[in-house]
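The values are calculated or read from the model by the stated rules, or taken from the named source; none is laboratory data. Just so it is clear, the model here is predicted, and its values are computed rather than measured. Glycine gets a Cβ as well: all are built from the backbone with ideal geometry, and neighbour counts include every protein chain shown. Keep in mind that these areas ignore ligands, DNA and RNA; they rest on the heavy atoms of the full protein, side chains included. Shrake-Rupley method; radii C 1.70, N 1.55, O 1.52, S 1.80 Å.
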Amino acid sequence: MALTKRKLGNSGLEIAPIIFGGNVFGWTIDEATSFRLLDAFVVAGFNAVDTADVYSKWAPGNKGGESETIIGKWLKHSDKRQQVIIATKVGSEIGAGKKGLSKRYILAAVEDSLQRLQTDYIDLYQSHVDDPDTPLDQTLEAYAQLIQQGKVRAIGASNYNAKRLGDALQISKKKNLPRYESLQPHYNLYERAEFEAELAPLCLRENIGVIPYFSLASGFLAGKYRSEADLAKSARGPFVKKYLNERGFRILGALDQVAKTHASTPTRVTLAWLLAQPAVTAPIASATNLDQLRELLGAADLKLDPESLEKLNKASAYGAGAGGD
């Protein structure tokens with residue numbers, strides 16, 4: 001598959017249109033399956049993998065760091081470090097006192113991530129969640145030091161609101177510090193309001209790459225969950241309950257229609273819709289088996305016509321004050 005890579009902000013990084021979400025490594029898939037999927041992902045011409053130091057702490061028996069550890073073993077085993085863009089995150093609580101975006105904490109946390117990833121540099125290092133207790137310039141100074149040392153190539157923000165991201169960009173400009181080149185927001189066909197209102201215009205104006213997570217709304221937009229009974233199907237079932245409402249079913253109906261028109265599937269149509277949004281660089285999506293992975297990657301080849309996009313926009317429109325529901 002000849003893939004056109006997309007530039008991520010002004011970072012100099014170029015990524016293929018689908019990013020592999022590493023939250024499943026060490027949670028819903030084991031090491032051997034993770035290796036198989038990562039190999040297939042790269043063989044298909046894709047190159048960006050997103051994880052975080054805290055993945056997958058929430059799984060029983062895990063303490064955080066499992067996803068990075070699996071990716072690190074794969075990098076060593078496959079010798080593919082030069083072929084992939086590794087994105088990870090810092091700031092979410094990984095243990096007692098281990099959280100936030102203070103300079104001291106970032107400089108310590110990056111060493112742990114590098115060790116787990118078995119690499120001497122991280123392509124995209126992201127602030128996982130905003131830390132209101134740490135001045136933005138202190139965080140950016142930590143990143144400046146890491147970039148200078150060659151340990152980090154570019155930085156990004158995740159879960160920032162428009163005001164905080166805008167403030168951080170101003171400080172970068174004023175103090176000549178590295179700037180956030182990407183934003184990782186919660187954005188998909190169902191969750192549109194928050195990103196589209198203020199963040200999308202800011203990212204377009206400032207040329208910030210956007211790599212949305214929960215692109216498939218925990219599998220809901222793949223059409224896997226159409227009733228309460230379906231929620232028992234997977235570990236993600238409980239996350240999906242909130243989408244089983246009139247608007248959710250309207251979106252699924254439109255996805256089914258557009259998928260039929262394009263001889264495609266709801267999963268591919270959902271990702272293709274995101275890829276058609278002017279602010280989006282590449283959505284993040286995860287798979288737990290090879291069939292799912294092929295399904296995701298097929299979205300990179302699907303170009304939706306204006307009529308299909310309009311149908312999806314209309315079905316997923318959110319009323320004034322309706323927010324994300």
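Some points to look at:
- Exclusive hit being open to solvent by 20 Å² or more (accessible area, probe 1.4 Å), in contact with an Asp or Glu (Cβ under 9 Å, 6 or more places away or on another chain) and not aromatic (Phe, Trp, Tyr), set Arg268, Arg226: Arg268
- Residue match in region 77-94 (condition: surrounded by fewer than 20 Cβ atoms within 10 Å (Cβ to Cβ), touching a Gly at 6+ places or on another chain (Cβ under 8 Å) and either polar (S, T, N, Q) or not in a strand (DSSP E or B) (or both)): no
- Residue match in region 140-161 (condition: open to solvent by 10 Å² or more (accessible area, probe 1.4 Å), of a type in the set (A, V, I, L, M) and farther than 25 Å from Asn23 by Cα): yes
- Summed over region 146-160, the residues that are touching a Ser or Thr at 6+ places or on another chain (Cβ under 8 Å) and part of a strand (DSSP E or B) give a count of 6.
- Lone unmet requirement of (1) touching a residue at least 40 places away in the same chain (Cβ under 8 Å); (2) polar (S, T, N, Q); (3) in a helix (DSSP H, G or I) for Ser182: (3)
- Which listed residue is out of contact with any Pro (no Cβ under 8 Å at 6 or more places or on another chain), over 27 Å from Glu198 (Cβ atoms) and open to solvent by less than 50 Å² (accessible area, probe 1.4 Å), from Leu244, Leu252: Leu244
- Scanning region 162-205 for residues that are buried (at least 23 other Cβ atoms within 10 Å of the Cβ), farther than 24 Å from Lys311 by Cα and polar (S, T, N, Q) yields Ser182, Gln184.
- Of residues in region 1-48 being basic (Lys, Arg) and not in a strand (DSSP E or B), the one surrounded by the most Cβ atoms within 10 Å (Cβ to Cβ): Lys5
- Output for region 255-286, where each listed residue is touching a Pro at 6+ places or on another chain (Cβ under 7 Å) and among the small types (Gly, Ala, Ser): Ala259, Ala282
- Some residue of region 113-129 being of a type in the set (S, T, N, Q), in contact with an Asp or Glu (Cβ under 9 Å, 6 or more places away or on another chain), under 27 Å from Ala235 (Cα atoms) and assigned to a helix (DSSP H, G or I): yes
- Filtered by the rule that a residue be charged (D, E, K, R) and within 18 Å of Ile284 (Cβ to Cβ), region 67-103 gives Glu68, Lys89.
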